[in-house]
Each structure stands twice: as C-alpha cells, then as structure tokens.
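FYI, it's all coordinate maths here, none of it is from the lab. The structure presented is a predicted model; accordingly, all values stated were derived computationally and were not measured. FYI the Cβ positions are ideal-geometry reconstructions off the backbone, even for glycines, and counts take in every protein chain you see.
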Amino acid sequence: MTNPRMDGFRNRVGGLAFGGDYNPEQWDPDVWREDVRLMRQAGVNVVSLGVFAWASLEPEPGRYEFGWMDEVMDLLHDNGIAVDLATPTAAPPVWLTHLHPEVFPIMADGEPFGFGNRLHYDPSSPIYRRYAADITTRLAERYSFHPALVMWHISNEYGPTAYNEASSVNFRHWLKRRYGDLGTLNEAWTTRFWSQVYTDWDQIEVPDIPRAWMNPSRILDFKRFTSDALLECYVAERDIVRSFRDDIPVMTNFMRFYRNADYWKWAPEEDVAALDIYPDPARPDSHVSAAFQFDLFRSLKGGQPWMLMEQAASAVSQWKLNVVKEPGRMRLGSLQAVSRGADSVMFFQWRAGRGGQERFHSAMLPHSGPGSRTFGEVTALGREVELLAAVAGTTARAEVAVLFDWNGWWGLEEVGGLPRNDFSYADTVMRHYTPLWEHHYAVDVVSPRGDLAPYKVLIVPNAYLIDDHGVEAITAFAHAGGTVVMSFFSGVVDECNRVRPDGYPGAFRHLIGAKIDEYWPARPGERFTVRFAHGRTASADWWREDVHLETGTALATYADGLLEGRAAVIANAYGSGRVVYFATLLEEAAFGAMLLGQVEAAGVENRFGDVPAHVECSVRQDAQHEYLFLLNHDAERGAAVRLPGGGRDLLTGTPATGEVTLPPLGAVVIQRALQASQAA
Ligand code: GAL
C-alpha cells in the first residue's frame, strides 16, 4: 500500500533523506550560513528544525518570534535543503509552568517533575493541550505553504507517565469508553479481591504511587491509558497541521524497546514510522538488537519504508561511559538501517552544542569542526546515501514473523505477582530473534492483530498475556498449516490479566497438546539436564513447567530432578500445522538449533545459508529490482561472500558477480534485476 504523502516526500527529497536535528536557535546567524555551506558539502537534504524551540518561538505567552525561523527556513530552502518542521511541544517554556504549575507531571514518587529537563508535561492536562495546540496552530499558519516544508515532526519522543488529577479525570473517561458501566469494570478488574469494588466512577483514580501491591488489571489499564493519552496529544497536533494542508506527511519519533507507548496503535496515525536509535558501541551485540528494531519499524506500517530519524555520529552522552563509534561503525549502522527498510539516515544532531545537557553528544559536525574524523565520515556517507537513491520506497519480504505485543510486555513486567518477577520481554524477544539474525533469515515483526497469512513460521516469545483475538489468530495460523514456535508461560491470562480457565495454558492447551499443572520457576543457581530423542543432552535453567502431555509428544525430557522423564520441549500436530513449545529455558545453543530446525523444516527460504554470522545479509526489493545488502560487523575479520547471481555494486558502480570480498566493517549493496516471476 503506498502513501501519496510519502511518495511526495520521496520525490521532493529525490531518494533517501540525509540530515539531522538542526537547532539554529542556539547559534548566531553567521553560524547558520556556515551550517548550510557545510550541509551542502555533506550532502544533507533534510533537517528536523525546531524540535525543542518553544521558548525561542514564544518567549512570553502570546508573544511570538518567528523572524529567526523565517530566515532559517528561507536559507535552507535557498540551499536546496528541505525541512521536517517540528512542533516544539516536548519542552514547554518556563513561563507556562509558572503560570500553570499543574502542567508538570506528578511522577511515580509523588513529586512534580519540575523544570530544567524536557518532557515536563502531563499529557492529560487540558492547559498543556491548549497551549500546545496554540503554538502548533501558529506554526502551521505560518509555514504550511513554505516551499522548504516536506514533513511535520510532531513533538519528540512522547513519553511521560503522569499521576496528576487531570490524568485521573482523563483515565475515568477512558475507562468509561472501554467498559461502558461500572459492573463490567469491576468484573474486569476482579475488584471483589481485597474489597476494591467501585460504586461511582469518581472513586477511580490513576493507580497510587506504586508503594505496594496494586490491582494488576488496573495497572495494565493505566499503561494502556497512558499510551492512549499521549497518542491523543499527537493526534490533536497532527490534525491541526493537516487542517492547513493535507499533502504533507506527519510523524513523530519513537524509541527502541520503549514500553510506555503501544506503537502498533500509534503507527496507523502516522504517515511514516520513525525511530531514534543509539546502539551502544561498547556492546558487541548492539547491532543485533538494532536489527530487531529496524525489522519492527519496517513492520509497524505493514512493510512500508520507515525513517531512521536519529542516531549518533559517534558517542552519545547519556551513559556513564560513552564510547566512540570506531571508524566505519557509523557508516555500517546507517547502511544496516537502510538494508532493513529505512528511507533515511538522520542524526541527532547537525552541530554539536557548546552547552546544555548534551554538549558532549557527538554530531555530524563535531566541536572539532569540518576537519574532524567524524565530519569526514559523515560527508563520505552522504555521498553513498546519494548512490542508494534507487533503494528508496522498496521493501523487504519475510516468511518468519516474531510476535511482539505491548500488552504482553506490560503483563510480564509491570504488574507483579507472577511466579517469578524478573522477566525481561526485550531479552526473551532477542533470544528468539538472534539465531534467526545469525543465520540471515528475513524476519517481520507482528502484533496479535497483524495479518499472519504471509508467514510460514510464527515465533511467540513468552506471551503470558494475550487477548482472545490474538489467541484465535495464532490458533488459526497453525490450523491452516503454519509452524508456531512458542516459549513457556504463554497464553496464561486474558486481556484483563485474569487467569484463563481450565488449567494452564488456558489459551493454548489444545495448540500445544498439553496441560500444565504448575509453573516451577527455578531456584537461584538451579540447573537441569534435558535429553533429546537422539540421546544428546543440553542444560536448562530459570523455569520449568509440570507438563502433562495430551495430544503432544516430547521432543526432549528432563534427565534429572523432580520432573525427570517428563516433557521439557513439546511438539504437537495441530490442523495442518505444527507447534513446538519450549517449557523451559534451554541453553542458548540448543535453543537456537531447535528453533532453526523448525524454520528449516517449515521450508523457509534461506539464500545466505553459507555466509558467516558476522556478515549481515538482507534484501530490499520492488517490482523490478532487488538490493542485496552485505554488512560485515566484524572489526578484525574480512569475509568472502558468494553472490546468488550477478548485479551491480551500487556503492562502487561496478558490475558484481561471483564472489565479493568484504574488509572488516565493510559493506556492499548489489542491485539485481528481477525476473517477472521473482517480482510477483
Ligand atoms: C533522543 C532525543 C534527542 C537527543 C538524543 C540524544 O532521545 O530525541 O533530542 O536527546 O536522544 O541523546
């Protein structure tokens, strides 16, 4: 499905977008002129302007200063640089918080957030919303038809969770819409437990500051509500800018593994999904987690290209130790995003600030200026991004999907009272994704409401909480011939966080072909041995389940402990499909091998089976061409990769056939014409 607004954006930009956050309000006009000269030198074609500029645009209530922005917009346009114009509402000015201290979010510790940071607003505050709407309207009035404008960037990284009175009022409205009447709410929240029955809507508040056990259904709804309250803020500003002009794409920027906003609900409200990502160069596996995020962002809007909205040119400044990106690492990470569907390479930020909290955050143009290593690499990357223009608008295809669900995440990590309370959803998802990444399988990410029809294999990591719709979709997928790989503690509770009836795992008992009598989390340090059919053994820890097989069979059993001889991994034929269920945490190598075995058995294509794990391989395509990206993440070892056919190396402009050699941290992008049959 194409989006005419994004088609327009691509035509204007002429390929992939390249640029970053630009904060001219922090600099003198002389610097602006040097900026645009150097931007042109670096190949910048888009900047995100005005992200936190509210105080510079409206220094006093109702007094606007647009002169500087007029000048900057004109200057950028005259130099062929387009503008992704931000509404500045992520950082309310101090006068607003003085006039109306109630806009400050009350934090989980009961204290107002205070001034001096950013995101200091309660998303439910009508006052905040009124002022945000006003500045958005002023900007839209003034710049909607400015020739530099190519995109609206609404606010920045929506995030605050607020425990204010205004939030309680809005929470009640939200609950009324969800449940209709109090009886249904009381039932959904199991309020007879500990005598929590509500008899009037006004008795309902946002959950108290978490000092003790809270009702787990109320917490879950508060998480959903918080995401929706933030989304209301986004939609309100989006609708304002759209009311002036409807053909400009509108987006906001998201974060990696971010728990406070359900991006599946947000993405349909945007023209493009956009990600800010800061992989830690000190962590050897951060590019694998980045790959997952990139696949998620491509999937958020059903395979449409997404935007890499922010990344660091080198070091960040928010961690205790901020390691630089070694030469070549920034280029590789940028190409990695493009390889997985990004139509842009953008940074935070263009010019490194002299002061402020992020003065040591790297930039496209660092403190050491245009002669620096980083600026050299940025300029070289800008040229390469231009060479990849043909990739813009293309997408990727996958036969394997990983289920990713914010509701399930909240259920596992936010509510407490589980058999064990140290689940990490991000870790479990990465445990399932990593073997697929290492073996170069293309992967999409799906929500429980997503379309599962295109896939041969569905991976379901620890789906403790899943709604009926998700249960039906997964069950129907297996029934129709799909392979489901599911891990323990899945299908346990419904969307209200109530244990499903008739024994565990209530939702998936027939699917996995077994009943689970009890969940047996391991004691600290406890390990088990698991034996496979051919006599091989592997170790397991952290979790076991007291499994009673029904239609399922054991692929592996415990070789020791109280569950000796009982199933640890189950296979079950279901309809025309197959389900494999891991009832324990198998050691990584054994788990990866079994997961990959299922993927292979399901007949999933793997064109890069022989390529070493450190060379990431992915494909984008459109009706005429495919683009093979080969990225060597190893800083010491080179690699030789046999190409599946001839093509043209887009970065060197030379023909590519047979074998290509990648130096350490090297990358190639091969364009190949598709036969009509392959393009279908
Ligand atoms: C992002 C944010 C930017 C900048 C960047 C680097 O989260 O949107 O404004 O702060 O991180 O820390």
Subject >> 15 Å beta-carbon shell around L643, net charge (K/R +1, D/E -1) >> reply: 0
Subject >> Size of electric dipole in the chain: Cβ of Lys, Arg +1 and of Asp, Glu -1, about Cα centre, debye, nearest 20 >> reply: 1060
Original post:
What is the gain in length, in nm to one decimal, between D78 and Q357 on full extension, counting 0.36 nm per residue of separation less the C-alpha to C-alpha distance?
Top reply: 97.2 nm
Original post:
How much length is gained on full extension from A613 to N421, taking 0.36 nm per residue of separation minus their Cα-Cα distance?
Top reply: 65.8 nm
Original post:
For segment 352-409, what does the alpha-carbon gyration tensor say about shape, rounded, prolate or oblate, given a ≥ b ≥ c as the root eigenvalues, a/c under 1.5 as rounded, and a/b over b/c as prolate?
Top reply: oblate
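I'd like the chymotrypsin sites (Phe, Trp or Tyr not before Pro) in segment 335-405 restricted to DSSP loop residues with at most 10 other Cβ atoms within 10 Å, sorted by number.
On the way: sites: F347, F348, W350, F360, F375, F404; in loops: F348, W350, F360, F404.
Passing both the DSSP loop test and the Cβ count: no residue.
For the chain, what is the per residue volume of the convex hull drawn over the alpha-carbon atoms, in cubic angstrom?
That works out to 164 Å³ per residue.
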Original post:
What ranking do D444, D427, D343 get, fewest neighbouring Cβ atoms within 10 angstrom at the top?
Top reply: D427, D444, D343
Original post:
What distance in nm separates the simple spin-label points at S539 and D208, each placed 7 Å from Cα in the Cβ direction?
Top reply: 4.4
Subject >> Selected from V391, A380, V611, residue furthest toward positive end of dipole (the chain; charges at beta carbon) >> reply: V611
**OP:** Can you check what the net charge comes to around E605, using other residues whose Cβ is under 15 Å from the Cβ of E605 (Lys, Arg +1; Asp, Glu -1)?
**Re:** -2
Subject >> Around R544: net Lys/Arg minus Asp/Glu count, Cβ-Cβ under 13 Å >> reply: -4
Original post:
Using a simple charge model, +1 on the beta-carbon of Lys and Arg, -1 on the beta-carbon of Asp and Glu, nothing else, what dipole does segment 153-238 show about its Cα centre, in debye to the nearest 20?
Top reply: 240
Subject >> Helical mean residue ellipticity (222 nm; -39500 (n - 2.57) per DSSP H run of 4+; nearest 500) of the chain >> reply: -9500 deg cm²/dmol
Subject >> Selection of chymotrypsin sites (Phe, Trp or Tyr not before Pro), segment 145-225, meeting DSSP coil and at most 16 other Cβ within 10 Å >> reply: F145, Y198, W213
Original post:
What ranking do T199, T89, T661 get, fewest neighbouring Cβ atoms within 10 angstrom at the top?
Top reply: T199, T661, T89
Subject >> Relative contact order [Cα under 8 Å, 6+ residues apart], segment 307-395, whole percent >> reply: 31
Subject >> Which of D405, D28 has the fewest Cβ neighbours within 10 Å, and the rest in rising order >> reply: D28, D405
Original post:
With the dipole of the chain worked out from charges on the C-beta (+1 for Lys and Arg, -1 for Asp and Glu) around the Cα centre, which of F145, G575, V547 lies farthest toward the positive end?
Top reply: G575
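For segment 615-679, give the magnitude of the charge dipole about the Cα centre (Cβ charges: +1 Lys/Arg, -1 Asp/Glu; no others), in debye to the nearest 20.
The dipole magnitude comes to about 140 debye.
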Subject >> Gain in span if fully extended, T553 to T529, counting 0.36 nm per residue against the direct Cα distance >> reply: 6.8 nm
